[in-house]
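The values are calculated or read from the model by the stated rules, or taken from the named source; none is laboratory data. None of the values given here were measured: they were computed from a predicted structure. Don't worry about glycine lacking a Cβ; one is built from the backbone with ideal geometry, like all the others, and counts go over all protein chains shown. These area figures cover heavy atoms from the full protein model, side chains too; ligands, DNA and RNA do not enter into them. Shrake-Rupley method; radii C 1.70, N 1.55, O 1.52, S 1.80 Å.
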Amino acid sequence: MKDIKFNNLNTNRRAFIRTTSAAVIGSTLAFDLGFPGYAFAENKNTLKVGLIGCGGRGTGAAIQALTADPDVVITAMGDVFSDRLEEAYTAISQVFPEKTKVDKASKFTGFDAYKKVIESGVDVVILTTPPSFRPDHLTAAIEAGKHVFCEKPVAVDAPGVRKVIEAAKKAKEKNLSLVSGFTFRFDFAKRALFKKVLNGEIGKVMTVSSTRNGGELWYKPRQAGWTDMEYQMRNWYYYNWLSGDYIVEMIVHSLDMMTWAMGDKMPLRATGSGGRQVRVDKKYGNIYDHFAIEYEYENGARGFSFSRQQPGCSTRNSVEVAGTEGNAVVNLGRGLHEITGKNKWVYDGEKNNPYQTQHDELFASIRNGKPVNEGDMMANSTMLAIFSRMVAYSGKTLTWEEAFNSQQVLGPPNDLFSWDYKYNSPDPAIPGVTKVL
């Protein structure tokens, strides 16, 4: 099957969100996609995609799915908010008018929208809601026999991670593809660098560290008519029951690269700290604005994760791996992938858009009948971020086993969700006082 090549499509996550925002305000897209003309005709080989979660990430993922294979259409969309769904529909249909087959009856809103998308006859499901909903949505999709693209992180607490692991096992039994949103795993430069680390080209790994320092993010002021639940859902990033805190929602990418360097082995124990120095306003919900975590591994290696989200400060986004015979460095700000020491090396190979490669490889696996299952990897990396939050919130040194087996569930039970339900999110955690097990 000959792939259709699309030119000049910048689907970088943040760039796409910016362009999408511009697109839905006006009547046409604000940039030239440069697509070659072609006529799409649905046939028996056509794969139908359902989108669950219609924010910027979901909109981008849907366009990447439609780009990945010439015989893919989107036929169902779901979100708790009708305005987000319509914005996403407008953006997607302007990019792929002939591949957007979502009629009015296949646009679903509300907390049960995910069930309706899954039941609509789709073949592939894209899960891009706030992460607290991921375990139940993934479980439902796999139970229904759907292939899945599952955005990171995949849970906000340990019980959710365990649910994801069970769903991944069922996906293997059903020969379903399950591809994660851990984007850096699909970046050619990082694949090349971490392959060298795992092949021993820097010797034995002694320390692995990551630093991700950035500024403030988005916030949506409360509007007339919003209930407490809608306000929290509109600002989901700032409530740990919805996002897991920023270390789970965002820093999980850096922690995933640390885990990659360690051969996907989890630490034995961790100690950490964190708090709110800048995010003191109630509009920031109950998440922290800085974390510092130390990890201890069975082989004696140490890991360190430093992060902050505070305006007016210097920024950095890097991962460094120190070995007995050299160091490996990923500097995202400079686009540098380098090994120093005995086996000097700098990546100068092909560059790719990993957001697109995720979907290219997902649909290729479906077409060739060789399912890809990243369930264990995405569960472990997510759990490492949850583990990190737990030690910082509690101020206690915890073991991996203690954290993984925790019974603490963040947020209300799913059967209570409604716009009128009043869920009082806990106050920000106080180290030495807050319980996490």
Any residue at all in region 232-243 that is crowded, with 18+ Cβ neighbours inside 10 Å, touching a helix residue (DSSP H, G or I) at 6+ places or on another chain (Cβ under 6 Å) and part of a loop (DSSP other than H, G, I, E, B)? yes
Being among the polar types (S, T, N, Q) and modelled with pLDDT of 95 or more is the filter; apply it to region 390-437 and report the residue that is surrounded by the fewest Cβ atoms within 10 Å (Cβ to Cβ). GLN407
Positions within region 201-211 being surrounded by 24 or more Cβ atoms within 10 Å (Cβ to Cβ) and under 20 Å from the mean Cα position of the chain (by Cα), in sequence order: SER210
Where the second residue is of a type in the set (Asp, Glu) and surrounded by 16 or more Cβ atoms within 10 Å (Cβ to Cβ) and the first is under 20 Å from ARG302 (Cβ atoms) and lies in region 195-221, which pairs have Cβ atoms under 9 Å and are six or more apart or on separate chains? THR207/GLU320; VAL208/GLU320; SER209/GLU320; SER210/GLU320; THR211/GLU320
Could you tell me whether any residue of region 300-312 is outside any strand (DSSP E or B), open to solvent by less than 30 Å² (accessible area, probe 1.4 Å) and either at pLDDT 95 or above or among the small types (Gly, Ala, Ser) (or both)? yes
Answer yes or no: is there a residue in region 14-34 that is touching a helix residue (DSSP H, G or I) at 6+ places or on another chain (Cβ under 7 Å), closer than 16 Å to GLU151 by Cβ and either modelled with pLDDT of 95 or more or of a type in the set (D, E, K, R) (or both). no
Confirm whether ALA270 is touching a strand residue (DSSP E or B) at 6+ places or on another chain (Cβ under 6 Å), within 20 Å of LYS152 (Cα to Cα) and surrounded by 23 or more Cβ atoms within 10 Å (Cβ to Cβ). no
Sort out which residues of region 212-229 are assigned to a helix (DSSP H, G or I) and open to solvent by less than 30 Å² (accessible area, probe 1.4 Å), and write them in order of number. MET229
Any chance PRO354 is open to solvent by less than 30 Å² (accessible area, probe 1.4 Å) and at pLDDT below 95: no
So in region 367-389, with the set limited to residues that are part of a loop (DSSP other than H, G, I, E, B) and touching a Ser or Thr at 6+ places or on another chain (Cβ under 9 Å), which one is most open to solvent (accessible area, probe 1.4 Å)? LYS370
When every residue in region 134-153 that is touching a residue at least 60 places away in the same chain (Cβ under 8 Å) and over 19 Å from LEU47 (Cα atoms) is compared, the one most open to solvent (accessible area, probe 1.4 Å) is ASP136
Is it fair to say THR324 is modelled with pLDDT of 95 or more, polar (S, T, N, Q) and open to solvent by 20 Å² or more (accessible area, probe 1.4 Å)? yes
Scanning region 356-413 residue by residue, those aromatic (Phe, Trp, Tyr) and in contact with a Leu (Cβ under 9 Å, 6 or more places away or on another chain) turn out to be PHE363, PHE387, TRP400
Count - residues of region 176-211 that are in a loop (DSSP other than H, G, I, E, B) and polar (S, T, N, Q): 2
Quick one: what pairs do we get from region 160-172, first residue closer than 8 Å to GLY375 by Cα and in contact (Cβ under 8 Å) with a residue 12 or more places away in the chain, second open to solvent by less than 10 Å² (accessible area, probe 1.4 Å) and among the charged types (D, E, K, R), C-beta under 8 Å, 6+ apart or different chains? VAL164/ARG134
With respect to ALA292, is the statement that it is part of a strand (DSSP E or B), closer than 30 Å to ILE430 by Cα and either modelled with pLDDT of 95 or more or open to solvent by 60 Å² or more (accessible area, probe 1.4 Å) (or both) true? yes
Among the listed residues THR90, THR129, THR75, THR139, which satisfies the condition of being at negative phi, out of contact with any Pro (no Cβ under 6 Å at 6 or more places or on another chain) and assigned to a loop (DSSP other than H, G, I, E, B)? THR129
